[in-house]
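Peer 1: First the structure, then my questions, so here it is.
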Amino acid sequence: MPEIVLEHVTKRWGSFYGVDDVSLQIPDNSFITLLGPSGCGKTTILRMIAGLETPTSGKITIGGQVVYDSSTGINVPPNRRNVGFLFQNYALWPNMTVYENIAFGLKNIRRDGRKLTKQEIDERVEAVSRVVKIGMFMDRYPAELSGGQQQRVAIARTLAPEPQVLFMDEPLSNLDAKLRLEMRYELQRLHVETGSTFVYVTHDQMEAMTLATKICLINNGVLQQFDAPMTVYDRPANTFVGDFVGNPSMNFVEAKGTAYEDGEISLSLLGDKRAVFCPNEPVDIRKWQSERDEKERIFREHEKERFSKKGAVEKSNKDELFAYHVQKVDEFTVNDGEGRPAVTQDDFVLGIRPEDLHLGTNEGIPVTVYGSMPTGMESTLKLRTGDYLLTAVVFGSTMFTIGEEKKMVADGKDVLLFDRTSGKLICAGALNFRPSEN
């Protein structure tokens, strides 16, 4: 199956950039999810690859064939791109049986200059109905099927013409939670059995994490990260990715620190708490910050050159630094940034996954159970330390009482150190709280 390559693809309406200078290389036989909040541009990217939307600029290649190139005027129509599209709405013909719905598109296909014979259509319909397990429903009408069965018919109809790429735009959003889970397993199996390249749009991070071989995370039309699911989860490229992927969300803790020659960073955080951050790999913070500034300078020069070209339009939906959320007991205090000290080279943001906060030891910092939500196999806790709140996930059936006093540590080596100026990930490491000096 083909590789899909996007090179500097942009789509704008006036000065609003739906997709901004996105470059992607989607390997053959992969399952890619386009993930992001509503309105971020993921469906627009999907539609541009399929040919349903015309990019403003850039180049798109499918299986070595250029299907769109703004510089040469190439724009291959959708029906010649040999792709299948599965929409959120099943779009089944209500007056046709399951068989007729699946066979509908095959009647217009030409192979070797001729239309398919009745026997060839029957064979193809039978083959795809076996794959999605709907062979027993061939004489029924859509109204006589459940939501999951209708979705299977829509998938079969999309697979019948043997597309080289299958696009899916939130196809499971109309199903209930239990059926969505079952259909995820079906889509996984379908991907393996067909050997096709799947490109899947969703705003549901659970679907992205469980289905994809790679996640393409978009925000405000800009590519944030393109990596394997666990890489996106364990090593998010910036604070936006860290916050968007994961449920419960990542804890963000602002800290001020001093870096030592051995790579360790002494931090003050959570009011009066002290800790030492130990990177997994040696990192020179000042060198990293210098390289950050140089990359930012090069980017600004590139943007200035891009928008100075003839016909270029400055972006009205500006890219802004992600405003991460620091949980506090008093969430109603309004702070618009006035009166806060300026961010310096010694300011950092720690990202701590809830499952990396552990209770029950005699070490660590004192915390109070502020809230507890047991679900059976795990409990989600809100822990208070001073004026701050942290979210923790404790596995097992242990019960916690609100107001209970505990000691908390950050376990493992997956605590993330972000640059507060740019929001980008610096490194991962271990966080060791120091005992109180009082």
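The values are calculated or read from the model by the stated rules, or taken from the named source; none is laboratory data. Everything quoted here is computed from the prediction, not taken from an experiment. Every residue, glycine among them, receives a Cβ derived from its backbone with ideal geometry; neighbour counts consider all protein chains shown. The area values use the complete protein model at the heavy-atom level, side chains included, leaving out ligands, DNA and RNA. Shrake-Rupley method; radii C 1.70, N 1.55, O 1.52, S 1.80 Å.
Peer 1: Going down the table (Lys328/Lys407; Lys273/Lys413; Lys59/Lys309; Lys178/Lys214; Lys42/Lys315), which pairs top 22 Å between alpha carbons? Before the final figure, lay out each step's value.
Peer 2: Values: Lys328/Lys407 19 Å; Lys273/Lys413 20 Å; Lys59/Lys309 18 Å; Lys178/Lys214 24 Å; Lys42/Lys315 18 Å.
As for pairs spanning more than 22 Å Cα to Cα, those are Lys178/Lys214.
Peer 1: In the Gaussian network model of the chain, springs joining C-alpha atoms below 10 Å, which of Gly113, Gly147, Gly271 carries the largest mean-square fluctuation?
Peer 2: Fluctuation is largest for Gly113.
Peer 1: Moving on. Quick check: pseudo-label points 7 Å beyond the Cα along Cα→Cβ at Glu305 and Glu182, how many nm apart are they?
Peer 2: 5.6
Peer 1: To continue, here is another question. Using unit Cβ charges (K, R positive; D, E negative) and no other charged atoms, how large, in debye to the nearest 20, is the dipole of the range 184-325 about its Cα centre?
Peer 2: Here the range 184-325 has a charge dipole of around 440 debye.
Peer 1: I'd like the FRET efficiency for Asn108 and Glu296, computed as 1/(1 + (r/R0)^6) with the beta carbon distance as r and R0 of 56 Å, rounded to 0.05.
Peer 2: Details: r = 52 Å, r/R0 = 0.93.
After rounding to 0.05, the efficiency reads 0.60.
Peer 1: Give the percent of DSSP beta bridges with both residues in the chain that are antiparallel, rounded to the nearest 5.
Peer 2: Around 80 percent of the beta bridges assigned by DSSP in the chain are antiparallel ones.
Peer 1: Using only the alpha-carbon atoms of the range 302-420 as identical scatterers, what base-10 log of I(q)/I(0) does the Debye formula give at q = 0.12, 0.15, 0.19 Å⁻¹?
Peer 2: With no solvent term, the Cα-only Debye profile gives -0.63, -0.83, -1.13.
Peer 1: Follow-up. Any number yet on Rg/Rh for the range 191-247, C-alpha, Kirkwood?
Peer 2: My calculation of the ratio gives 0.98.
Peer 1: Relative to the present Cα-Cα distance, how much length would full extension add between Thr56 and Met373 at 0.36 nm per residue of separation?
Peer 2: 109.3 nm
Peer 1: Let me have the 222 nm mean residue ellipticity of the chain computed from DSSP H runs of 4+ only, each contributing -39500 (n - 2.57), with the sum over all residues rounded to the nearest 500.
Peer 2: -7500 deg cm²/dmol
Peer 1: Let me ask something else. Tell me, what are the semi-axes, in whole angstrom and largest first, of the equivalent ellipsoid of the range 372-411 as set by the roots of 5 times the Cα gyration tensor eigenvalues? Mind dumping the intermediate values first?
Peer 2: Details: eigenvalues 63, 25, 17 Å².
The answer is 18, 11, 9 Å, longest axis first.
Peer 1: If you take every residue apart from Asp347 with its C-beta less than 10 Å away from the C-beta of Asp347, what net charge results, scoring Lys and Arg +1 and Asp and Glu -1?
Peer 2: Residues close to Asp347 contribute a combined charge of -1.
Peer 1: Give the angle, between 0 and 90 degrees and rounded to the nearest 10, that separates the Cα long axis of helix 285-308 from the longest principal axis of the Cα atoms of the chain.
Peer 2: 40
Peer 1: Using a cut-off of under 14 Å, list every residue of the range 146-182 whose amide N is near the label point 7 Å from the Cα of Glu120 along the Cα-to-beta-carbon line.
Peer 2: 161-162, by backbone N distance to the label point.
Peer 1: In debye, nearest 20, what is the charge dipole magnitude of the range 130-171 about its Cα centre with +1 on Lys and Arg Cβ and -1 on Asp and Glu Cβ, if you could check?
Peer 2: In total the dipole reaches around 180 debye.
Peer 1: Sort the following peptides by mean Cβ neighbour count (other Cβ atoms within 10 Å, averaged over residues), highest first: 390-397, 159-166.
Peer 2: Averaged packing, sorted descending, gives the order 159-166, 390-397.
Peer 1: Over the range 209-354, average the accessible area per residue using a 1.4 Å probe and give it in Å², no decimals.
Peer 2: The answer is 57 Å² per residue.
Peer 1: Sticking with this one: Normalise the Debye intensity by I(0) for the range 212-281, one equal point scatterer per Cα, no solvent, then take log10 at q = 0.12, 0.17 Å⁻¹ and round to two decimals.
Peer 2: -0.46, -0.79
Peer 1: Please figure out what share of the DSSP beta bridges in the range 240-293 is antiparallel and state it in percent, rounded to the nearest 5.
Peer 2: The antiparallel fraction comes to roughly 100 percent.
Peer 1: With +1 on the Cβ of every Lys and Arg and -1 on the Cβ of every Asp and Glu, and nothing else charged, how large is the dipole of the chain about its Cα centre, in debye rounded to the nearest 20? Could you put the intermediate results ahead of the total?
Peer 2: Numbers: 51 positive and 61 negative charges, 332 e Å.
For this selection, approximately 1600 debye.
Peer 1: Under a 10 Å cutoff between Cα atoms, tell me which one of Thr33, Thr158, Thr368 has the largest fluctuation in the Gaussian network model of the chain.
Peer 2: The residue that fluctuates most here is Thr368.
Peer 1: Helix 118-131: angle to the longest alpha-carbon principal axis of the chain, degrees 0 to 90, nearest 10?
Peer 2: 20
Peer 1: Express the carbon and sulfur contribution to the solvent-accessible surface of the range 227-382 as a percent, rounded to the nearest whole number, probe 1.4 angstrom.
Peer 2: Within the range 227-382, the accessible surface is 52 percent carbon and sulfur.
Peer 1: Another question, then. Return one number: the angle in degrees, 0 to 90 and rounded to the nearest 10, between the long axis of the Cα atoms of helix 177-194 and the longest principal axis of the Cα atoms of the chain.
Peer 2: Computed tilt is about 60 degrees.
Peer 1: Mind checking which lysines have their C-alpha under 29 Å from Lys118, skipping anything on the same chain fewer than 8 residues away?
Peer 2: Counting by Cα, and skipping residues close in sequence, Lys118 has these lysines nearby: Lys107, Lys133.
Peer 1: Binned at 10 Å from 0, what are the whole-percent values of the Cα-Cα distance distribution for the range 245-374, short to long?
Peer 2: Final binned percentages: 8, 28, 32, 21, 9, 2, 0.
Peer 1: Moving on. Along the charge dipole of the chain, pointing to its positive end and built from +1/-1 on Cβ of Lys, Arg, Asp and Glu, which listed residue (Ser308, Gly360, Phe418) has its Cα farthest out?
Peer 2: Ser308
Peer 1: Per residue of the range 233-246, in order, report the coupling 6.51 cos²θ - 1.76 cosθ + 1.60 (Karplus, θ = phi - 60°) as ³J(HN,Hα) in whole Hz, putting x for Gly and Pro.
Peer 2: So the Karplus estimates, Gly and Pro as x, are 6, 7, 9, x, 5, 7, 5, 4, 4, x, 6, 6, 9, x Hz.
Peer 1: With equal scatterers on the alpha carbons only and no solvent term, can you work out the Debye log10 of I(q)/I(0) for the chain at 0.07 1/Å?
Peer 2: -0.46
Peer 1: Next question. Rank Gly14, Gly39, Ala160 by how far each Cα sits towards the positive end of the charge dipole of the chain (+1 on Lys, Arg Cβ; -1 on Asp, Glu Cβ) and give me just the farthest.
Peer 2: Result: Ala160, furthest along the dipole toward the positive end.
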